[in-house]
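Asker: Please find one structure pasted underneath; my questions will follow.
No value in this document is a laboratory result; all are computed from the given coordinates. These figures come from a predicted structure and were not determined experimentally. Here the Cβ positions follow ideal geometry from the backbone for every residue, glycine too, while neighbour counts run over all protein chains shown.
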Amino acid sequence: MALGQVDLCALCRDRAELCDSHIVPEFCYRSMYDDKHRAVTFSPLDPERQRYAQNGIRSRLLCARCECLINDNYEKPFLRYWIEGDVLQPLGKERIHVLKGVDYPSFKLFHLSVLYRASASDDPNFAEVQLRPQHEERIREMLLNRDPGEHWRYPIIASAIQGSGGRVWDSLVAPAHQIRLDGHWGYMFVFAGCQWTYLVSSHPTVEYSTVALAQDGTLPVAKFPLKAIELYESMRRSRARQRGPAR
């Protein structure tokens, strides 16, 4: 957690030395590392341009206090439950499997912390993630107050990336993209074996309550074939001109 220049912390807004903060936590890259602790990274839009990364994508964003708040309260619980618990591998043959016993507050706030950091970052991998001021401020307060909010506010949708043989393919971290679903703006991230959809809207998204993380700790997970990422990227490029800022 190296400290750097003095500036405003993106979370608490205090002036302090800023950490070299991860956007997507470093532990989400572990399955991608070679024997030299390097991961080959690339954008699906430009797969021929590859580079090595050893510590994931970082930006100078948070003070040490806020870095610890996110790490202790949101990242560590996700690491224990999702990564170390290997929850995706026993999904079975069902197209949709409902996980139970998810800790709603820490799980949701973990994902909102990724979304918030991506919006605050100037890294090109997250250039499409631009929260409107009202959403940025609301999510900032939710993170600071450890308040996950109602299930319909910023719903989290998970699609497991299915590789050959039906096994979940967790060796992928991809750039985030803006999307639009049924009048709602949102963002798609890929890490930890899933394509994650975060909906960001000024009006309730109750129509997604059956497929999103619920306050009772259930999370439907649909299997998403790896080849579908290529189709999604093709569709995204063709609709790029229709893209606008999330509302």
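Asker: For the range 84-156, what is the largest minus smallest coordinate of the Cα atoms on each principal axis, given in angstrom and ordered from greatest to least?
Answerer: Result, largest extent first: 41, 29, 23 Å.
Asker: If packing is taken as the mean number of other Cβ atoms within 10 Å per residue, what is the order of 127-133, 21-27, highest first?
Answerer: Per-residue mean Cβ counts within 10 Å order the peptides as 21-27, 127-133.
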